[in-house]
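> Sharing a structure below in structure tokens format, with a few things to ask.
The values are calculated or read from the model by the stated rules, or taken from the named source; none is laboratory data. This one's a predicted model, so the numbers in the text were calculated from it and none came from an experiment. All Cβ positions, glycine included, derive from the backbone under ideal geometry; neighbour counts span all protein chains shown. We work out accessible area using only protein heavy atoms, side chains counted, and drop any ligands, DNA or RNA first. Shrake-Rupley method; radii C 1.70, N 1.55, O 1.52, S 1.80 Å.
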Amino acid sequence: MKVTLLNTFFAPEGADFGRLEKVCDLTMYSNSRGLPDEEVIARIGDAQIVCTLEMSRSVMEKAPNLKAICTNSTGFNYIDLQAADELGITVCNNPTYGTYAVAQHAMALLLSLTNRIAWQDQMVREGKWNECSAAVKKAPSYELSGLTCGILGFGRIGQIFGQMAKGMGMKVIAYDAYPNERGRQIAEYVSLDELYARSDVISVHCPMTEETAHIINKDSIAKMKDGAILLNVSRGGLQVDADIAQALKSGKLGGCGLDVSDPEPVRADDPLLSASNCLITPHNAWCTAAAKQRMLDGVIDNIIAVIEGHPQCVVNHPGK
């Protein structure tokens, strides 16, 4: 069976693809993102299995041998699932590699905001030790203990983040379309409007779907507490950047920590780049050494499962 990996840049240094090479005819490319369809189609060739981050209907239709798409990532919103269903192509995601890394990054953003780490570091580097010290004494950092943390999307990552928040002494509440017993052991499930109204910190961990697109907007922000902190380490399409920037400017939001933007890379004129008390990292929350190895292992496991005839982590309904 022929397998093509279109984006091996995710793999750790010196990655070992030996397990795959033993069971398939393997072709690898470092990075295929943003290439014209014709070039992507040429790279796929007559492969039956492709590992990629994105796949359009037009590419699928011109890859007649394609039987399965294995995504590098947990999210699969850049794969046209409807097209895959219609064309009988199985789509498998990689759901667990970044759970702890992404939750940790969200907490890092939160602590950086509440303790103004980046600002204090910059002040010290500019020779303003005393000015910084005086400013912090006048407007001190605040503790998370006793605050309410609302988690929008309470799956694997959201639940790990919830455990971290509880460890900081926070009260944890959550909204999720599919409440479960493990979640109930960590948080109180509430309605979405109640989560907005009660939370001092709101952390977004839901998948990108038609229902969740732009869920963080001027209307939902209006329902939040004045001065609430917003975190999003999931997908940029969940938020309206201009609405967040305006809320930061007005003081409605007290701070914002993001690992995403809409679109990506962030545009030079994105209003969040000049917003006060906003931290932005370039969609690298997942990128720890351990997570990169787990990503590679997950991709290889999924491809081998397809080759052996029992696909796992399937997120669509091929042939529907």
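> Sort the following peptides by mean Cβ neighbour count (other Cβ atoms within 10 Å, averaged over residues), highest first: 112-121, 296-305.
296-305, 112-121
> List the residues whose amide H sits under 5 Å from the amide H of GLU188, counting only those 5 or more places along or on another chain, with H placed 1.01 Å from N in the peptide plane.
Excluding prolines and chain starts, which carry no amide H, the hits are VAL172, ILE173, ALA174.
> So what is the accessible area of the chain per residue, in Å², with the probe set to 1.4 Å?
48 Å²
> To the nearest 10 square angstrom, what accessible area does GLU308 show with a 1.4 Å probe?
Ignoring ligands and nucleic acids, GLU308 comes out at about 120 Å².
> Shifting gears a bit: Taking H as built 1.01 Å from N, whose amide H comes closer than 5 Å to the amide H of LEU5, not counting residues under 5 places away?
Result for LEU5 returns THR27, MET28, TYR29, CYS51.
> Nothing charged except the Cβ atoms of Lys and Arg (+1) and of Asp and Glu (-1): what's the magnitude of the dipole of the chain about its Cα centre? Round to the nearest 20 debye.
960 debye
> What order, most packed first, do the peptides 92-99, 185-192 have when packing is the mean number of other Cβ atoms within 10 Å of each residue?
92-99, 185-192
> For the cross-link pairs LYS218/LYS252; LYS223/LYS252; LYS137/LYS171; LYS2/LYS292; LYS166/LYS252; LYS171/LYS225, which exceed 20 Å when the distance is taken from alpha carbon to alpha carbon?
LYS137/LYS171; LYS2/LYS292; LYS166/LYS252
> Quick one: accessible surface of LEU144, probe radius 1.4 Å, all protein chains present, in square angstrom to the nearest 10.
Number for this one is 10 Å².
> Using unit Cβ charges (K, R positive; D, E negative) and no other charged atoms, how large, in debye to the nearest 20, is the dipole of segment 69-158 about its Cα centre?
That gives segment 69-158 a dipole magnitude of about 560 debye.
> Calculate the spin-label point distance for ASP25 paired with LYS128, positioning each point 7 Å from the Cα along the beta-carbon direction, and give it in nanometres.
Label at LYS128, label at ASP25, 6.3 nm between them.
> Using a 1.4 Å probe, how large is the accessible area of ASP219, given in Å² and rounded to the nearest 10?
100 Å²
> Sort 158-165, 133-140 for me by packing, meaning the mean count of neighbouring Cβ atoms within 10 Å per residue, highest on top.
Ranking the peptides 158-165, 133-140 by packing returns 158-165, 133-140.
> Can you match percent of Cα pairs over 35 Å apart to one of these, (1) 31; (2) 21; (3) 28, based on a calculation from the structure here?
(3)
> Explain nothing, just the number: dipole magnitude of segment 152-234 about its Cα centre with +1 on each Lys and Arg Cβ and -1 on each Asp and Glu Cβ, in debye rounded to the nearest 20.
Here the size comes out at about 300 debye.
> Would you mind telling me the share, in percent, of accessible area of the chain contributed by carbon and sulfur at probe 1.4 angstrom?
C and S atoms contribute 51 percent here.
> In whole Hz, with x marking every Gly and Pro, tabulate ³J(HN,Hα) for segment 198-205 from phi via Karplus 6.51 cos²θ - 1.76 cosθ + 1.60, θ = phi - 60°.
With the stated coefficients, segment 198-205 comes to 9, 7, 7, 10, 10, 10, 9, 9 Hz.
> Among ALA68, SER250, THR212, whose Cα lies farthest out toward the positive end of the dipole of the chain, if unit charges sit on the beta carbon of Lys, Arg (+1) and Asp, Glu (-1)?
Checked the options; the winner is SER250.
> Can I ask one more? Using a Förster distance of 22 angstrom, determine the FRET efficiency expected from the C-beta separation of VAL190 and ALA242, and round it to 0.05.
So, using R0 = 22 Å, E works out to roughly 0.20.
> Moving on to the next point. Which residues' amide hydrogens lie under 5 Å from the amide hydrogen of GLY257, considering only partners 5 or more residues apart or on another chain, with H built in the peptide plane?
Amide H to amide H, under 5 Å and 5 or more residues apart or across chains, GLY257 pairs with LEU230, LEU231, ASN232, LEU279.
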